[in-house]
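Working notes for the structure below.
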Amino acid sequence: MSNVLVTGGAGFIGSHMCLALLESCHDVIVIDNLSNSCLEPLKRVEKLAQKSLIFIECDIRNDQKLRQIFKDHSIDAVIHFAGLKAVGESQRFPLSYFEHNIAGSISLFKAMEQANVFNIVFSSSATVYGENNRSPYHENMPANTPYNNYAFTKLMTEQMLEKLALADQRWSIALLRYFNPIGAHQSGQIGEDPRGKPYNLIPHLTQVAIGKREKLSIYGNDYNTPDGTCVRDYIHVVDLAAAHLHALDNRLKTNGCRTWNIGTGQGHSVLEIKETFEKVNRLDIPFEYAPRRVGDLPAYFADNERAMRELKWQPQFQLEDMLKDSWNWQRQNPMGFK
Ligand code: NAD
Ligand code: UD1
């Protein structure tokens, strides 16, 4: 049992992480500036776990407040989710992405070092593999050509952490490269609640299903893939949270920096997602084919052998489960957390 600080813990993945930590008997301190979330998911997490956590409203760029938090609480490890994640926005407002994702991470690492806390699990993304690698993506492939500013911030943070581990052997760092996290907790109490028009596929799909949007636009049906639509590796958010628990456990025993892909290793096309969603939830989703979205790659999926072998983690959920759980969340919460 450890005392874990979760940055960005009120967000989509962070809230599922907090629940998994509480259920595994860890104590949890969340810091979040609530820029893309609210307190309601954390209240629901406490109810589901029948345990409380500590919430502190704090921006990770606030050095002083961060230092105080590390002074006031005896923290064993950090799981670092806080940051901005919209690719298109990162192209329009690069400085904002550099500030939150890079400068914010530096503030966090400085506060950790000062408090002698050296265990961290960092949320990275498969987007760091860029466009020059061929799937399945393996952790040893070169990740050096980020093709958007969001990917750049993830790669920079990964590289900073690698260098920290080289400079000081007390650091113990897990870099988790997520593929496409979807789904929701089986209770339907917590899930993904994007602000404004959703950018990602699944919230778009569930908002069409609930009647909030008229139809799904499938971006491109002329890719060189089996049905012409893009292929991705979708991973259940509950499996993703479990991977963090395994990574935390692994890192509390070993020093250094290690990277793991967190995906199922299975690619699914956009059309397949739509059709599976319709089948498992007995719904019809109106859709149209729209032009390709700028910046999309045709297909990628994970080689997840390293995570399965070294972390002794295995994804438990199939695509059908993910799409049932996404709909269960949206159906029970048509307005999200409002
Ligand atoms: P999210 O937006 O739901 O959660 C991020 C949380 O961080 C939010 O609660 C937000 O309020 C908070 N936050 C943002 N900037 C902050 C700051 N400066 N200080 C304090 N809190 C701040 O996003 P998510 O989907 O849960 O993603 C979590 C992490 O995983 C992010 O780092 C994201 O880049 C990474 N990731 C997400 C995906 C995905 O598809 N969801 C894929 C790969 C990697
Ligand atoms: C994107 C980012 C990735 C980020 C992730 C989570 C890129 C290249 N990748 O992944 O870095 O970690 O979001 O924020 O931007 N689609 C539709 N219609 C829609 C929405 C999406 O057809 O309304 C298609 C997309 O073209 C894509 C697939 O669905 O082929 C998945 O899209 P999305 O959910 O946005 O995730 P990625 O683009 O894979």
Options 218, 235; residue that is more than 18 Å from the chain's Cα centre (by Cα) and part of a strand (DSSP E or B): 218
Search result, residues across the stretch 284-311 that are more than 12 Å from ligand 2 (Cβ to nearest atom), loosely packed, with under 14 Cβ neighbours inside 10 Å and assigned to a loop (DSSP other than H, G, I, E, B): 284, 286
Qualifying position, being among the aromatic types (Phe, Trp, Tyr), touching a residue at least 12 places away in the same chain (Cβ under 8 Å) and out of contact with any Phe, Trp or Tyr (no Cβ under 6 Å at 6 or more places or on another chain), among 98, 118: 98
Any pair with Cβ under 7 angstrom, 6 or more apart, that starts in the stretch 121-141 at a residue that is without any contact (Cβ under 8 Å) to a residue 24 or more places away in the chain and ends at one that is within 16 Å of ligand 1 (Cβ to nearest atom) and in a loop (DSSP other than H, G, I, E, B): 130/143; 130/146; 130/147
The stretch 24-45 residues that are within 16 Å of ligand 2 (Cβ to nearest atom), paired with ones that are polar (S, T, N, Q) (beta carbon under 7 Å, 6 or more apart): none
Candidate set: the stretch 29-59, residues that are within 18 Å of the chain's Cα centre (by Cα) and assigned to a strand (DSSP E or B); chosen: the one surrounded by the fewest Cβ atoms within 10 Å (Cβ to Cβ): 31
Only one of 270, 280 that is surrounded by 22 or more Cβ atoms within 10 Å (Cβ to Cβ) and touching an Asp or Glu at 6+ places or on another chain (Cβ under 9 Å): 270
Condition broken by residue 90, with the remaining ones in (1) surrounded by fewer than 23 Cβ atoms within 10 Å (Cβ to Cβ); (2) assigned to a helix (DSSP H, G or I); (3) touching a strand residue (DSSP E or B) at 6+ places or on another chain (Cβ under 8 Å) satisfied: (3)
All positions within the stretch 72-97 that are within 16 Å of ligand 2 (Cβ to nearest atom) and over 14 Å from the mean Cα position of the chain (by Cα): 88, 89, 90, 91, 92, 93, 94, 96, 97
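Bear in mind that the values in this text are calculations on the coordinates, not laboratory data. From a predicted model like this one, the values you see are computed outputs, not experimental measurements. No Cβ is skipped: glycine too gets one built from the backbone with ideal geometry, and neighbour counts run over all protein chains shown.
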